[in-house]
Amino acid sequence: MKKLINDPESVVSEMVAGFVAAYPKKVKQVPGTNVVVRADAPVQGKVGIVSGGGSGHEPAHGGYVGKGMLDGAVAGEVFTSPTPDQVFEAIKAVDGGKGVLLVIKNYTGDVMNFEMAAELAEVEGIKVEKVIVNDDAAVENSTYTVGKRGIAGTVLVHKIAGALAETGATLEEVAAVANKVVANLSTMGMALSPSTIPAAGKPGFTIDENEMEIGTGIHGEPGIERSEIKTADEVADILLNKVVNQLHLEKNNEVAVMINGLGATPLMELYIVNNRVSSVLKEMDISVRETFIGEYMTSLEMAGCSITLLRLDQQLSELLDAQADTIAFKK
Amino acid sequence: MKKLINDPESVVSEMVAGFVAAYPKKVKQVPGTNVVVRADAPVQGKVGIVSGGGSGHEPAHGGYVGKGMLDGAVAGEVFTSPTPDQVFEAIKAVDGGKGVLLVIKNYTGDVMNFEMAAELAEVEGIKVEKVIVNDDAAVENSTYTVGKRGIAGTVLVHKIAGALAETGATLEEVAAVANKVVANLSTMGMALSPSTIPAAGKPGFTIDENEMEIGTGIHGEPGIERSEIKTADEVADILLNKVVNQLHLEKNNEVAVMINGLGATPLMELYIVNNRVSSVLKEMDISVRETFIGEYMTSLEMAGCSITLLRLDQQLSELLDAQADTIAFKK
Amino acid sequence: MAFTVDEAKLWLINLNKIYQQEKMYLSELDQAIGDGDHGINMARGFNELNKKLETAEYHTTADLFKDAGMVLLSKVGGASGPLYGTAFIKAGGALKDKEEVTKEELAAALFESLEGLKLRGKARLEDKTMLDVWIPAIEFLQNHPKVDWDEFKKLVKEKMEGTKKLEAKKGRASYLGIRSVGHIDPGAASSYLLFVELARVCEGVGL
Amino acid sequence: MAFTVDEAKLWLINLNKIYQQEKMYLSELDQAIGDGDHGINMARGFNELNKKLETAEYHTTADLFKDAGMVLLSKVGGASGPLYGTAFIKAGGALKDKEEVTKEELAAALFESLEGLKLRGKARLEDKTMLDVWIPAIEFLQNHPKVDWDEFKKLVKEKMEGTKKLEAKKGRASYLGIRSVGHIDPGAASSYLLFVELARVCEGVGL
Ligand SMILES: Nc1ncnc2c1ncn2[C@@H]1O[C@H](COP(=O)(O)OP(=O)(O)O)[C@@H](O)[C@H]1O
Ligand SMILES: Nc1ncnc2c1ncn2[C@@H]1O[C@H](COP(=O)(O)OP(=O)(O)O)[C@@H](O)[C@H]1O
Ligand SMILES: [Mg+2]
Ligand SMILES: [Mg+2]
Ligand SMILES: [Mg+2]
Ligand SMILES: [Mg+2]
């Protein structure tokens, strides 16, 4: 394991400290926690939005704290959901009187911890709504299982819910639009190499020089299936196909596209993937309103990428276009 | 070699195509070249700024094309300076009548190719100035050698020269401020793992599990010295020290800080490095006007980072703060 | 003989030692079918709990368990944090202010823990989770007026190992689908360790 | 006997084959003390040149060289592109419209190439660059009225290998300082190949 760290036990607290030190005009830390909130939090008369999860997904989630997106982000230990007390601190720090929306990625741990925090907040009289993001097309949905995971598409939920919250909308309205995004959102990922949790010291899985994993999540976990390594175009086709089918996209639909790097994959390769994605979508007469390419939701130093599509309508388009001024996402 | 590519021979052209397809409102490609220019190029009455170099440094340089930074970027083959004809195409495409500034990183190849392009442009009656960026503190300067390399600090030259060009300044003024940035700029890098040129198929150097390279550049080349792997704080101290000395920084100086990831190093680790950098600078009474953390000038999938400091004065501060609207750098 | 606050404390202190020892083993189980942090999470949480136990004084097992639950809740994280946290908080709640706890009372308290786990995690038997150890363990305690602790240890071991053949329906391992078969569930393993250590402590006082 | 446009063409066509063969070798030399692309650059440039030669017709060596220089300039890239490009353009310029070229004229043309290289790259002898092959090679050609091509080949080989002991002062290898010692300069190696192939062609026509 080769990492620029001091002590595996303190990576999260040092990361949060280094992050807050870099951007004092944009964010502040809730003392004694790994919670980061807008410098001007709580914003009175605005629904607060809190997200978070395990660390190791940077710039998620602290990078999305700011005007037009999140009010607060909670950083758990690496790949480990944050605890209810930390989430509760975030809720309290961002509540400006209109209630707080929790944007939760669909993992058992995240759901349970955020739920318990919501219960604590309600006891204190803070109105809380939850939206569960489950954009991962790799996992089958079933009433007997926990269902699909939340992965990179979550950033677009932050963007659009955040934009609506800026307009002074109610908690119910903000939750409704977040759920609408989730209903129109699909992501599929793949990995060429695994990532290593600092405290574990060795990678989450091993993978041969000529293999790749399809359907990986963002927690260094193995994917849904393993295959021979393929070209960028073939990979793009596999991922895109799954996502397009999942969303039942049709001619003349309009979408936003996100090509997300998982950590170690150069931007060059993401652009090459987009070269294929954009031409396939064009052939399908699906129009692309905006393309996001970069590292939005990573998995430490995993090599690989995910493709996200969000089907847009008038409302979602306008909110997507709205101003956002965060550290990792500016419009 | 595990890469998301189709053919090592065509990575650059596919990358440029995928890039331009993603951002049609911001950039356009000069047909038949790997040159990318502002969508509104040439901007009349504004000095044009062209930079570029080998590919593999993404988001440099295409990501910095846009209002307030570059007018054009030329992408050579991977880690290979672009050829004079391509640079010449960029100069022609961005000249709005006030001449063109070439921002060149100090490599023999870049200097020669850009110089030849400048000679071609002058024959056509286009006024051209050149600024050579040599911010790499790892390399000793000497009249007998080529001198210091240009690395991540180059992005701040783009930022500040670009901001002045937006004000309608003359070519001489823009070149002068670019040179002022260079005179106050210093960067030092290190690597934990090498990168692989697609067409070469294997890494540029090998490095043991318990070793690191100090003083690496951005071309997958070995560094200046090899040492035992150290903690993030120790690494930060080594790099920062060198840069602070190089600039002869003193109490009450004001600087901009850039912690640049070389490709595979997670943002988490860059934040941890900044945790140290910001506290050491504070102890030294050097004030930080702004901190940039992220992947600004990469070396494919190399793991490692560089630290850049730019000493600011009134003029540089104002230009640093000015608006910029590019794909990879927004203010 | 009875289970007092000292026994409860001994259980948790020993458990901490065990989770520190088994940190890598539990994480490796989690690397195979999850995200590889289960041992790290348990070791972090119980280490914090241990620090607390070194300084705090408790008069009742109920208070001890409630506090333990709160520490685990705020220090373990992930899926196991709210689950183990809930388990101890519920057990504490069930024991009220009793100073000594009989075997029946302990069984009843742990039954409340199990109910809490089910409510929080919504998992069922054979979903390949810690419940596959908890459900048979509590059933055994409730159905045997006099517990044969060796039998009990054998049972939880069997059930823990039995998760190997199951396909996960809950938790991260469920994303692997059929590929989750063939691996022991990490939470079942940590729960197995918890029950074995409970058995040892109970044997010691002849419960 | 003379060096005609056919010989010039043969030289470049053979050189292309050689650079394709030695692509990995030259890149490995460059990986040791540079950025690892020299073989890739040369192979790309000469491949393009070869394509051009397959279709274009030339009446003079001068035109052929000038065109070759332009192709190399726009296809090789890096440091070697402008250098080899310049070398051929300068040689072409020196040869004007001669249809046949004597040994003296060829030597004089290559001397112009060398002057171009020096002007463009500002390197000097023993800076560990291609000049460490070019300078002695041209000197030899100019100082020997009748060239012993075997001697010539021996000389350029020696000079190429001689770069091993030098510390680089120019080009990327200079960043390595003392660590550049012990490796052959990749540009010296590609220039060595260029001169060896020139010798073979000249031998063939008895120049
Ligand atoms: N819904 C659930 N009900 C009961 N136990 C669960 C549930 N989901 C997960 N678990 C248990 O939690 C364990 C994983 O814990 P841990 O690795 O610490 O958290 P995470 O999965 O969030 O990384 C699993 O092995 C399983 O036994
Ligand atoms: N200033 C110079 N003068 C002459 N030759 C040079 C000079 N700089 C570099 N070279 C030659 O160029 C070679 C490297 O070429 P190449 O690898 O293609 O370009 P780059 O160094 O830009 O990657 C070196 O081995 C050296 O022989
Ligand atoms: Mg986890
Ligand atoms: Mg090169
Ligand atoms: Mg886990
Ligand atoms: Mg090279």
Apportionment of accessible area to carbon and sulfur, chain D, percent (1.4 Å): 52 percent
Using the alpha-carbon atoms, what tilt in degrees (0 to 90, nearest 10) does helix C:38-55 show relative to the longest principal axis of chain C? 20 degrees
Just to confirm the numbers: residue B:248, label point 7 angstrom along the Cα-Cβ line, distances to the other copies in nm, shortest first? 7.2
Contour minus Cα-Cα span, residue C:181 to residue C:59, at 0.36 nm per residue, comes to 39.4 nm
Along region B:4-17, what does the Karplus equation 6.51 cos²θ - 1.76 cosθ + 1.60 (θ = phi - 60°) give for ³J(HN,Hα), rounded to whole Hz, x for Gly and Pro? 8, 9, 9, 8, x, 6, 10, 4, 5, 5, 5, 4, 4, 5
Ranked by how many other beta carbons lie within 10 Å on average, peptides D:160-169, A:259-268, B:41-50 from highest: A:259-268, B:41-50, D:160-169
To the nearest 100 Å², how much accessible surface do chains A and C cover up together, summed over both, with a 1.4 Å probe? 2800 Å²
Once you place label points 7 Å from the Cα toward the Cβ at residue D:24 and residue D:122, how far apart are they in nm? 3.8 nm
Using the Karplus curve 6.51 cos²θ - 1.76 cosθ + 1.60 with θ = phi - 60°, work out ³J(HN,Hα) for each residue of region C:56-66 in order, rounded to whole Hz, and write x for Gly and Pro. 6, 10, 10, 9, 10, 4, 4, 4, 4, 5, 5
Provide the per-residue ³J(HN,Hα) series for region C:67-79, in order, calculated from phi with Karplus coefficients 6.51, -1.76, 1.60 and θ = phi - 60°, each as a whole number of Hz, with x at glycine and proline positions. 5, 4, x, 5, 5, 4, 4, 9, 10, 6, x, x, 7
For region D:1-146, the charge dipole (Cβ of Lys, Arg +1; Cβ of Asp, Glu -1; about the Cα centre) points to a positive end, and the Cα of D:41, D:91, D:65 closest to that extreme belongs to D:41
Express the carbon and sulfur contribution to the solvent-accessible surface of region B:159-302 as a percent, rounded to the nearest whole number, probe 1.4 angstrom. 46 percent
Buried accessible area, chains A and B (both chains, 1.4 Å probe, Å² to nearest 100): 4500 Å²
Chain-alone versus full-assembly comparison, region C:14-63, residues with accessible loss of at least 20 Å² (1.4 Å probe): C:23, C:24, C:28, C:31, C:34, C:35, C:37, C:40, C:44
Residue A:252 and residue A:285 label points (each 7 Å along its Cα→Cβ direction) are spaced in nm at 0.8 nm
Which residues does the label zone of residue D:52 cover in region D:76-97, counting backbone N under 11 Å from a point 7 Å along Cα→Cβ? D:76, D:85-86, D:88-89
For chain B, what is the relative contact order in percent, using Cα pairs closer than 8 Å and at least 6 residues apart in sequence? 18 percent
GNM of chain C, Cα pairs under 10 angstrom: of C:33, C:138, C:178, the biggest fluctuation goes to C:178
If the label for residue A:85 sits 7 angstrom from Cα along the Cα-to-Cβ line, what are its distances to the same label in every other copy, in nm to one decimal, shortest first? 6.8
Solvent exposure ordering (accessible area, 1.4 Å, most first) of B:251, C:9, A:202: B:251, A:202, C:9
The set of residues whose placed amide H lies less than 5 Å from the amide H of residue B:58, leaving out same-chain residues fewer than 5 positions away, is A:268, B:298, B:300
Within the protein assembly as shown, the percent of DSSP beta bridges that are antiparallel, given to the nearest 5, stands at 55 percent
Can you give me the Cα centroid spacing of region D:171-206 and region D:136-161 in angstrom? 13 Å
Where GluC sites (Glu not before Pro) in DSSP loops with at most 16 other Cβ within 10 Å are excluded, longest remaining stretch of chain A: A:1-123
Between residue A:317 and residue A:225, what length comes free when the chain is fully extended (0.36 nm per residue of separation minus the Cα-Cα distance, one decimal in nm)? 29.7 nm
Compute the accessible area of each residue in region B:206-238 twice, once for its chain alone and once with every protein chain present, using a 1.4 Å probe on heavy atoms, and list those whose area falls by at least 50 Å². B:209, B:222
Given H placed 1.01 Å from N in the peptide plane, which residues other than close sequence neighbours of residue A:78 have an amide H under 5 Å from its amide H? A:55
Among the listed pairs A:127/C:90; A:26/B:331; C:23/C:154; D:51/D:75, which have their C-alpha atoms separated by more than 24 angstrom in this model? A:127/C:90
For region B:194-246 and region D:1-59, write down the distance between their C-alpha centroids in whole Å. 33 Å
How many Å² of accessible area per residue for region C:19-159, probe 1.4 Å? 42 Å²
Pull up all non-local amide H partners of residue D:185: gap of 5 or more, or a different chain, and H-to-H distance under 5 Å with H placed in the peptide plane. D:163, D:164
Take residue A:211, project a point 7 Å from its Cα along the Cβ direction, then tell me which residues of region C:159-181 have their backbone nitrogen under 17 Å from it. C:176-181
Can you list the lysines whose alpha carbon is less than 18 Å from that of residue D:96, not counting same-chain residues fewer than 8 positions off? D:9, D:66
Between copies, how far does the label point of residue C:4 sit from its twins, in nm, shortest first, when each point is 7 Å from Cα along Cα→Cβ? 11.5
Loop-located GluC sites (Glu not before Pro) in region C:17-97, at most 12 other Cβ atoms within 10 Å (DSSP): C:57
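The values are calculated or read from the model by the stated rules, or taken from the named source; none is laboratory data. Note that this is a predicted model, so its numbers are computed, not measured. Cβ atoms come from the backbone with ideal geometry, glycine included; neighbour counts cover every protein chain shown. Note: accessible area is taken over every heavy atom of the protein model, side chains too, but ligands, DNA and RNA are not part of it. Shrake-Rupley method; radii C 1.70, N 1.55, O 1.52, S 1.80 Å.
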